[in-house]
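The values are calculated or read from the model by the stated rules, or taken from the named source; none is laboratory data. Keep in mind that this is a model prediction, so the values were computed, not measured. Cβ placement follows ideal geometry from the backbone for every residue including glycine, while neighbour counts extend to all protein chains displayed. Side chains are part of the model used for accessible areas, which takes the heavy atoms of the whole protein and leaves out ligands, DNA and RNA. Shrake-Rupley method; radii C 1.70, N 1.55, O 1.52, S 1.80 Å.
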Amino acid sequence: MKTKTASLLMEVGAEYNKSRLHGTKYFQELLGNLDYVPESVLNLLQMTRSNMECFAKMEKQLVHALRSEPQICQRVNLLMSIQGVGEVTALTWVLEIGDVSRFGRIS
């Protein structure tokens, strides 16, 4: 969604601050200053922003719910101790692999 937002702005030649684009206040100010952009593009930008916020909220709720399970939480914390493994990657791995004891050990 973030890429889509930037792409829409580039398509219409709008100037924006890349580092601030996804901040709520800056985004609303930017939309208010785009008087030369077609209404359809403004609507797409608003819809993309709404979707991004909705997905972020759902992700946060999902991660919180999954992290409240003790067994999942323990496995996630172990995986996150590996450099470069974040919470979402660890959760994905734990949920996809399931019980690791089902795999044999290499002697």
For this session: Check whether at least one residue in region 85-94 is touching a Leu at 6+ places or on another chain (Cβ under 6 Å), surrounded by 13 or more Cβ atoms within 10 Å (Cβ to Cβ) and not in a helix (DSSP H, G or I), and report yes or no.
Result: yes
Exercise. Between residues in region 15-31 that are closer than 15 Å to residue 50 by Cβ and residues that are at pLDDT below 90 and open to solvent by 60 Å² or more (accessible area, probe 1.4 Å), which pairs lie under 8 Å by C-beta distance while being six or more apart or on different chains?
Worked result: 22/2
For this session: With a cut-off of at least 1 residues that are more than 25 Å from residue 99 (Cβ to Cβ) and open to solvent by less than 50 Å² (accessible area, probe 1.4 Å), name the helices (runs of 4 or more DSSP H) lying wholly within region 1-81.
Result: 2-11, 24-33, 39-67
